[in-house]
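Q: Here it is: the structure, laid out below.
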Amino acid sequence: MPLLRSLAALSLIVAACASGGGEPNQAPSEGSPSRAVTVVTNAAVYTVEPNEPWAEAFAFDESGVIVALGTRDEVLTAAGADPTVIDAGGNMILPGFQDPHVHVPEAGINQTLCFMAGGPSLNSYETQARACAGQQPEADWVRAVGPWLFDLTWDEELPVDVLDRAVPDRPLLIIDRLGAAVLTNTLGLQAAGLSSHDQDPQGGVLQRDPSTGRFTGLLLENAQHLVRNAAALDDDVVYQGLLSSLDELARNGVTSVTDVGGYWGQSHPAAWQRAADEATLTVRAANALYLYPDLDLNEQLDEFERRFSDNPNSLLRYNTAKIYMDGILDLGTATLLEPYDAPISADYPSGFPYFESAELRTYIAELHAIGYRVAVHSIGDAATREALDAIEAIDDTAAGIAARRHRITHAYLVDEADVPRFAQLGVVADFQVSPDAIDPDYLDFMTEFIGDRAYDMIPTAQLLDSGASVSLSTDWDAGPLSPLGTIEQSLTRSTNAVPDLETAIALTTIDAAYAIGHDDTTGSIKVGKFADFVILDQNLFEVGPDQIGEISVLATYLGGEAVFIAPGFKP
Ligand SMILES: [Zn+2]
């Protein structure tokens, strides 16, 4: 249903506290308005501010902060003589999208790796791994991106033997795009320092042949990082991957992220820092560092303390800790309250946790004390309960815990008893609704493992109803990078749909900014906030919900600077 903009309801607000110039993208601060003003006009501006949802125009100063909002005439009058004008061509403007869960350098890197299609047999892995080796004759490792999930079973030969035949002379790394497992050959196992007597690392599984105890070459969950670290790419390759992903984010209208990869064993933070130093950063990034379950607790906390940064004037911060509670349902590594039919191993009838409870509580309490917000990967209902328990046990006031906005991401299954605890503890529920995850056929398929609980997965509406803070993210490149697609999926899914378009937009803008922790400076179009916005080729309120994903981003602005302009669009 199209919303009619009521011009009478529009009011002019001139910045009472506009920014005082200085470096671009400095946080809004007190001072006199800057002189050089840019006016954005000829637009249907949906501000996401409930008191003033629509405007015709706005203006921002040279530090990229919005100083006026209202009708065209009002904003032009407020802007004074001879402002720069951006003509939005009558199109819709939204605040820039905010993505609290995205794998930024990894997505760019994965696009450059040799791609292996999913195959039903190890034979197809063999052929494809050999082809990948042929495509990178000079590389120290043969690196490939595998199918979405590896086939975990084998008949006559172990995967490692098949892969040794395919790539006999170099270590091989095949990663799955869900980030849950890797496959490697014998040279890869050796390069990672693994021998067949090694125990499983905390939070991971080295798959073995049950009859001989030999490694199969499949390393699940946290165990995969032993090989990934050994196969770490050159710093420059990681940086190029980051730049390619930043382009893709801008193209999709994303102006703020939390990069939840954060593999500081693989120079991801160094790549981000280089982008900040070389002024190639085109998003606000409040990034996460990965918490390794198998590293020494105190040494790792020292590392986190050393790396913490939370300067609101900087485009780049490291203020979030990514903590995996469990794995994924499809592998049987998600932890559930009740046993389920888990394909990974009879040893883990209800999945397996990354951390022991006591250790997890210590980590979360200590990270909170340093200043970190934790972003907890949780799929199963047992994992979610464990995370809520650990957050509740933090030694701080209830207000102090809630103010940090710790979040649980994925939250596929939440037990009824735990639903109200999100609002009580101030924990944000961050969901992804990628087409694969909400597909009715997939839900039917998952009933084989978890019964009818499959139909309650990703309970977005239920958490919204409970009064919890909710956000939507993409989990790119495990899911597609499309905030507009996310809005469409959230509205049109068969269960737990978001109630209306206004809510869906808020979940990808202001509410996601709340989750990231900077809704005071971005996430809506409001005087005093950064001019982070997108111009879209259609008005979301004038198309059907099932057409929203087809809308194109014409331009993306970060702090008033264009970071993407679509070919042919002339603002
Ligand atoms: Zn993820």
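Q: Against the condition touching a strand residue (DSSP E or B) at 6+ places or on another chain (Cβ under 6 Å) and under 25 Å from ASP430 (Cα atoms), how does GLY262 come out, does it pass?
A: yes
Q: Still on this structure: Considering the range 233-269 alone, what residues qualify as being out of contact with any His (no Cβ under 9 Å at 6 or more places or on another chain), under 23 Å from HIS101 (Cβ atoms) and not in a helix (DSSP H, G or I)?
A: LEU233, ASN252, GLY253, VAL254, THR255, SER267 - these are the residues of the range 233-269 that are out of contact with any His (no Cβ under 9 Å at 6 or more places or on another chain), under 23 Å from HIS101 (Cβ atoms) and not in a helix (DSSP H, G or I).
Conditions (1) surrounded by fewer than 20 Cβ atoms within 10 Å (Cβ to Cβ); (2) on the phi > 0 side of the Ramachandran plot, marked per residue:
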residue	(1), (2)
VAL227	no, no
SER245	no, no
GLY253	no, yes
TRP272	no, no
VAL283	no, no
ASP302	yes, no
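Q: Look at the range 75-130 and say how many of its residues are assigned to a helix (DSSP H, G or I), touching a Ser or Thr at 6+ places or on another chain (Cβ under 8 Å), surrounded by fewer than 20 Cβ atoms within 10 Å (Cβ to Cβ) and not polar (S, T, N, Q).
A: Summing the residues that are assigned to a helix (DSSP H, G or I), touching a Ser or Thr at 6+ places or on another chain (Cβ under 8 Å), surrounded by fewer than 20 Cβ atoms within 10 Å (Cβ to Cβ) and not polar (S, T, N, Q) in the range 75-130 gives 1.
Q: Looking at the range 452-489, which of its residues are assigned to a helix (DSSP H, G or I) and closer than 20 Å to ALA334 by Cβ?
A: Taking the range 452-489 and keeping what is assigned to a helix (DSSP H, G or I), we get 452-456, 460-465, 483-489.
Those that are assigned to a helix (DSSP H, G or I) and closer than 20 Å to ALA334 by Cβ: ASP452, ARG453, ALA454, TYR455, ASP456, THR460, GLN462, LEU463.
Q: Out of ILE391, ILE401, ILE364, report the one residue that is part of a helix (DSSP H, G or I), more than 29 Å from ASP200 (Cα to Cα), in the same structural domain as ILE510 (by TED's automatic domain parsing) and more than 16 Å from the ligand (Cβ to nearest atom).
A: Details: ILE391 fails: more than 29 Å from ASP200 (Cα to Cα); ILE364 fails: more than 29 Å from ASP200 (Cα to Cα).
Answer to the check: ILE401.
For every residue, the table says whether it meets (1) surrounded by fewer than 23 Cβ atoms within 10 Å (Cβ to Cβ); (2) under 30 Å from LEU554 (Cα atoms).
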{"site": "ARG177", "(1), (2)": "yes, yes"}
{"site": "ALA180", "(1), (2)": "yes, no"}
{"site": "PHE215", "(1), (2)": "yes, no"}
{"site": "GLU221", "(1), (2)": "no, no"}
{"site": "TYR239", "(1), (2)": "no, yes"}
{"site": "LEU249", "(1), (2)": "no, yes"}
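Q: Inside the range 179-210, can you point out the residues that are at pLDDT 90 or above, among the aliphatic types (A, V, I, L, M) and either over 32 Å from the mean Cα position of the chain (by Cα) or within 16 Å of the ligand (Cβ to nearest atom) (or both)?
A: Hits for the range 179-210 are VAL182, LEU187.
Q: Quick one: which helices (runs of 4 or more DSSP H) lie wholly within the range 405-451 and hold at least 3 residues that are within 19 Å of LEU178 (Cα to Cα) and more than 15 Å from the ligand (Cβ to nearest atom)?
A: On the way: elements: 419-425, 435-438, 440-450.
Passing ranges, in order: 440-450.
Q: Residue check: is VAL145 within 16 Å of the ligand (Cβ to nearest atom) and within 30 Å of ASP209 (Cβ to Cβ)?
A: Values: within 16 Å of the ligand (Cβ to nearest atom): yes; within 30 Å of ASP209 (Cβ to Cβ): yes.
Spelling it out, VAL145 is indeed within 16 Å of the ligand (Cβ to nearest atom) and within 30 Å of ASP209 (Cβ to Cβ).
Q: I would also like to ask the following. Mind listing whichever residues of the range 360-391 are surrounded by fewer than 19 Cβ atoms within 10 Å (Cβ to Cβ) and closer than 23 Å to ASP456 by Cβ?
A: Across the range 360-391, the qualifying residue is only ASP389.
Q: Kindly indicate whether any position in the range 205-213 is surrounded by fewer than 24 Cβ atoms within 10 Å (Cβ to Cβ), not in a strand (DSSP E or B) and not assigned by TED's automatic domain parsing to the domain that holds ILE174.
A: no
Q: Okay, next question. Take the residues in the range 490-504 that are assigned to a loop (DSSP other than H, G, I, E, B) and among the aliphatic types (A, V, I, L, M), then tell me which one is nearest to the ligand (Cβ to nearest atom). So that I can check it myself, show each step before the final result.
A: Taking the range 490-504 and keeping what is assigned to a loop (DSSP other than H, G, I, E, B), we get 493-500.
Subset that is among the aliphatic types (A, V, I, L, M): 497-498.
Working: ALA497: 23, VAL498: 21 Å.
Among them, the one singled out is VAL498.
The values are calculated or read from the model by the stated rules, or taken from the named source; none is laboratory data. Everything quoted here is computed from the prediction, not taken from an experiment. Don't worry about glycine lacking a Cβ; one is built from the backbone with ideal geometry, like all the others, and counts go over all protein chains shown.
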